[in-house]
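Okay, so here's the structure we're looking at.
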Amino acid sequence: MKRICYILPLFLVVGSLVGPQSAWGAEDAQPEEPGRLERFWTRNWSLHSTNTASVKSAFQPAVSEASAATVRILADGKPAVLGVVLDDRGHVITKASELLGELSCQTGDGVDHPSVLVGVDEIHDLAVLKVDAKGLRPAVWRTGDVPPPGSLIASVAPQDELLSVGVVSSEPRAIGGPTEPEERRGWLGVGLGDGEGGLGITGVDRDSPAVKAGIRPGDRIVGIDGVAMKDYEQVIKAVGVHVPGRTIRLALRRGDKELEVTATLGKRYTYPLPQDHWGGGPFSARRSGFPSVLPHDSVVHPSECGGPLVDTDGKIVGINIARALRVTTYAIPANAVLEVSKRLLAASPTSMPVP
């Protein structure tokens, strides 16, 4: 009985904070004007889902401008990722690691336009494309500060589509791990570690490309594709830069003999991360190895990465770069996006830097 007595006053207090609506019907409450959205959410955060019709309706006017600057990138004719227009000359920034195949860009009117790759920043997983289209509307960015934890944000798609509303989870942070998805890295199937530089092969995986190439434990890798290997780290990089299916030449030392073999790299089986069993997928193939991301809980499908993350004023605070966990999406902050895009455009002989 005491527990019920404590809970009842709590609901009475909550009801008085919400206003004329009851605590039970708080999800139907709407702010009177878009400018009150932040205060409305802060006051009612424990009672209000971020993706009810009322919240999305309040956010909708703020996303129109960002949506007009958003395009869909197609790879071999299939939706791959979203992109954000940098300038009126047809430059678009997007997620790099999903750009596999012949590229085109679909603007808000549903028309596909030819696109070419201008440059790639592998560390941030960003790429700049040049789109052969007229009348593109450049994005409006929020530069300087980033929204603090707890701030309302929204993920946006073309044609005024509001994908999901959420909140910033934490301050920008680095995310460790590989920068290349494991399933896209070539796999040889050997263990290294013996001898000088760790270049001696300690073991060969069953049914691996190394077995098929005739590589044996005790062999020493001398070179790959004509390049001398100094240590095991160089071997890992030399193999990992190739995609599965690529054939490489390996110079080996076996006892007092030197020989050369060819191996067609395979695809390593990747085990799901423990947290993947919590649900919330599918997840992005590349979701690690970022120098700085803004984590938030807006739900984004991997094919919707590359698109804008906006604040309550409609300004773009970052580019969604990875669906990472059940309740987490990563965005590259706007300042980093603009810095990378300027560097990529400055390095291109046919492009001009973003003003």
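Structure notes:
- Filtered by the rule that a residue be of a type in the set (D, E, K, R) and either under 25 Å from H242 (Cβ atoms) or touching a helix residue (DSSP H, G or I) at 6+ places or on another chain (Cβ under 7 Å) (or both), segment 154-195 gives D160, E161, E180, E182, E183, R184, R185, D194.
- Residues in segment 107-117 that are crowded, with 20+ Cβ neighbours inside 10 Å and either aliphatic (A, V, I, L, M) or in a strand (DSSP E or B) (or both): S115 only.
- Selection count where residues are touching a residue at least 40 places away in the same chain (Cβ under 8 Å), within 19 Å of the chain's Cα centre (by Cα) and crowded, with 17+ Cβ neighbours inside 10 Å, scope segment 70-91: 11
- Checking each residue in segment 310-333 for being surrounded by 24 or more Cβ atoms within 10 Å (Cβ to Cβ) and either β-branched (V, I, T) or more than 12 Å from the chain's Cα centre (by Cα) (or both) picks out V310, I316, V317, I319, I321, T329, I332.
- Checked against the criteria, L99 counts as closer than 22 Å to A334 by Cα, buried (at least 17 other Cβ atoms within 10 Å of the Cβ) and modelled with pLDDT under 95.
- Evaluated against (1) without any contact (Cβ under 8 Å) to a residue 24 or more places away in the chain; (2) touching a Ser or Thr at 6+ places or on another chain (Cβ under 6 Å), S164 falls short on exactly one condition, (1).
- Within segment 97-112, the set of residues being more than 10 Å from P158 (Cα to Cα) and in contact (Cβ under 8 Å) with a residue 40 or more places away in the chain comprises S97, E98.
The values are calculated or read from the model by the stated rules, or taken from the named source; none is laboratory data. Keep in mind the model is a prediction, meaning the values are calculated, not measured. No Cβ is skipped: glycine too gets one built from the backbone with ideal geometry, and neighbour counts run over all protein chains shown.
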